[in-house]
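The values are calculated or read from the model by the stated rules, or taken from the named source; none is laboratory data. Computed from a prediction, not measured in an experiment: that's the story for all the values here. Because the Cβ atoms are built from the backbone with ideal geometry, glycine has one as well, and the counts that use them run over all protein chains shown.
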Amino acid sequence: MRLPASDEGIVAGQVEGPQARRARIAEYIMRRGAVSVEDLAAHLGVSTMTVYRDVARLEEAGMLQRHHGKVAAKASGLHEASARFRLEQNHEAKQELASCAAAMVPSGSSIMLDDSTSGVWVVRALWEIETMSIVTNSLLVAEEAERLGAGNLIIVGGVYQGWAESLVGPSAVAMIGQMYANYAMVSASGISDWSCYHPYEDIVAVKRAMLDAADTTFLLLDHTKFARKALFCFASMAEFSAVIVDRGTPEGTVEGMRAEGVEVVVATGTP
């Protein structure tokens, strides 16, 4: 993507053009997830005012977004925003979805949860979590499950992805392939032709492995996902035992899914 131009900055004693500097900002945020303006200024060796101007231009270009004093990558078909940034985005819809999904899980079940932030909300909504086994590649999900006293917590090992706060790669996929769970719950970054997509192939592989390792599979989608596209397909919507959507999902979209043989559950809100 061509970056917008503006003022010059000084990096390591040399003049760096604004386009190169903004490319470095975007790359740094993609590696680190959400970072502060002060952190960016220190990393680049420029003033915070320069960073604010650069971030504003990158926001205009649709690459970054600011939230609670942090700068994060804006989700698109080519990349996903950081996990902690996404956790509170559309939180009311995610809470609806999670409550609906959790209500369908009986005590004593084993559940696989991917690194989508909906998994954190599912853990918060589970009744009698102390009787349940949670398998996840997400450190955010694991942290929440441990805090709430999950009876058995298994963290899938693999290569750490900082922006997602999760573990992926061949080791993660192999470990999941050796297990079986009653339920797997995943989300998608985007939907196209009634199939599920995500920007990153290594995360797609983990989602696919979880779906193959579970008896009952749920896809959790808030209505914003239907307006987005991504690169890698990991499942058709009809493969899932149920696709759970929030009340903001257009009726025509729900009818379209059902016409394609998708089992759709519209969440009705928290109990």
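Just a few scattered comments:
- The stretch 192-247, residues that are β-branched (Val, Ile, Thr) and touching a residue at least 60 places away in the same chain (Cβ under 8 Å): Ile203, Val206, Thr224, Ile244, Val245
- Residue within the stretch 229-245 that is in a helix (DSSP H, G or I), surrounded by 18 or more Cβ atoms within 10 Å (Cβ to Cβ) and of a type outside the set (A, V, I, L, M) present: no
- Condition check for Met179: within 16 Å of Met210 (Cα to Cα), outside any helix (DSSP H, G or I), over 15 Å from the mean Cα position of the chain (by Cα) and not hydroxyl-bearing (Ser, Thr, Tyr): yes
- Filtering the stretch 119-131 for residues that are assigned to a loop (DSSP other than H, G, I, E, B), farther than 27 Å from Glu263 by Cβ and aromatic (Phe, Trp, Tyr) leaves an empty set.
- Taken over the stretch 75-104, residues that are over 17 Å from Gly248 (Cα atoms), at pLDDT 95 or above and in a helix (DSSP H, G or I) amount to 2.
- One residue from Ala145, Ala174, Ala205, Ala209 being assigned to a helix (DSSP H, G or I) and exposed (fewer than 14 other Cβ atoms within 10 Å of the Cβ): Ala174
- Whichever residue in the stretch 31-40 is at pLDDT below 80 and surrounded by 18 or more Cβ atoms within 10 Å (Cβ to Cβ) and, among such residues, is farthest from the chain's Cα centre (by Cα): Ala34
- Residue list for the stretch 207-253, restricted to those being more than 21 Å from His91 (Cβ to Cβ) and small (Gly, Ala, Ser): Ala209, Ala213, Ala214, Ala230, Ala235, Ser236, Ala238, Ser241, Ala242, Gly252
- Subset of the stretch 46-65 (residues that are of a type in the set (Gly, Ala, Ser) and at pLDDT below 75): Ala61, Gly62
- Of all the criteria given as (1) assigned to a helix (DSSP H, G or I); (2) in contact with a strand residue (DSSP E or B) (Cβ under 8 Å, 6 or more places away or on another chain); (3) touching a residue at least 12 places away in the same chain (Cβ under 8 Å), the one not satisfied by Gly256 is (2).
- Candidates His68, His43, filtered to the one that is more than 24 Å from Ala188 (Cβ to Cβ), surrounded by fewer than 19 Cβ atoms within 10 Å (Cβ to Cβ) and modelled with pLDDT under 75: His68
- Residue count, the stretch 105-118 (criterion: assigned to a strand (DSSP E or B) and not hydrophobic (A, V, I, L, M, F, W, C)): 1
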